[in-house]
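The values are calculated or read from the model by the stated rules, or taken from the named source; none is laboratory data. Note that the coordinates shown come from a computational prediction; the quantities given were computed from them, not determined experimentally. Virtual Cβ from ideal backbone geometry, glycine too; neighbours counted across all protein chains shown.
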Amino acid sequence: MKKINKILFIVPMHITFDSYINPPSNARHFRKSDGKIYNSLVTDLPLGFMSMSAYLKKYINVDIKLIDFNVELNLADEFPFENFEDYCQYFLSGYDYEPDIIGISSLFSPSFHNFIDVAKVSRRIYPDALILGGGIFLQACIIIYIQNLIVTFLMLFAMARGRYLCWGL
């Protein structure tokens, strides 16, 4: 069994791509240096990933990194991409890290397609990594994810029983 040395947690953009590049008039938005107006991505601390990171680091020697695409897109000076998948490809291709495990969250229904894009790009760039998908939206829409995903496992937290369920794909 391969030793796990590196884990990469990824938070996809939590709004739809169309909403990002075409913000509604009643949404908070801003102009980037490319002159285009973009929806503002509200960010929050990724408490789930932070908790998992702290727990894992307490018990094993592991290097963990986190990419929150909501933060990264807010910081980007411009967005010369046709879709979110192209941006993920660009960003992850330039990210100097070779994870053994990739964890992708799915907390909001508008981020469904972004979750799929992150999973597809992650599989292309890191073909040997174990890719895990998890989050409350995943639990609610498991069949849709199974039909559309290339992640290795879908992780569901069974709150009533207090244990994880894994479906290998």
Checked against (1) surrounded by 13 or more Cβ atoms within 10 Å (Cβ to Cβ); (2) within 16 Å of P99 (Cα to Cα), N39 satisfies every condition except (2)
Complete set of residues in the range 68-90 that are within 18 Å of S122 (Cβ to Cβ), at pLDDT below 95 and polar (S, T, N, Q): N70
Enumerate the pairs (first residue in the range 37-57 and within 30 Å of I21 (Cα to Cα); second residue anywhere and of a type in the set (D, E, K, R)) with beta-carbon separation below 7 Å, excluding pairs fewer than 6 apart on the same chain, so at least 6 apart or on different chains. I37/R31; Y38/K32; S40/R28; T43/D68; P46/D68
Any residue that is more than 23 Å from I131 (Cβ to Cβ), of a type in the set (S, T, Y), at pLDDT below 95 and not in a strand (DSSP E or B) - is there at least one of those in the range 98-106? no
Every residue in the range 1-36 that is surrounded by 15 or more Cβ atoms within 10 Å (Cβ to Cβ) and in a helix (DSSP H, G or I), please. F17, S19, Y20, I21
Does A119 satisfy being in a loop (DSSP other than H, G, I, E, B), at pLDDT below 90 and among the hydrophobic types (A, V, I, L, M, F, W, C)? no
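Of the residues T16, T43, which is in contact with a strand residue (DSSP E or B) (Cβ under 7 Å, 6 or more places away or on another chain) and at pLDDT below 95? Can you show your working first?
Values: T16 fails: in contact with a strand residue (DSSP E or B) (Cβ under 7 Å, 6 or more places away or on another chain).
Of T16, T43, the one residue that is in contact with a strand residue (DSSP E or B) (Cβ under 7 Å, 6 or more places away or on another chain) and at pLDDT below 95 is T43.
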Leading residue by the ranking (modelled with the lowest pLDDT) among those in the range 125-148 that are under 19 Å from I67 (Cβ atoms), under 15 Å from the mean Cα position of the chain (by Cα) and surrounded by fewer than 18 Cβ atoms within 10 Å (Cβ to Cβ): L130
How many residues does the range 62-97 hold that are more than 25 Å from K32 (Cα to Cα), touching a residue at least 12 places away in the same chain (Cβ under 8 Å) and either surrounded by 16 or more Cβ atoms within 10 Å (Cβ to Cβ) or over 16 Å from the mean Cα position of the chain (by Cα) (or both)? 3
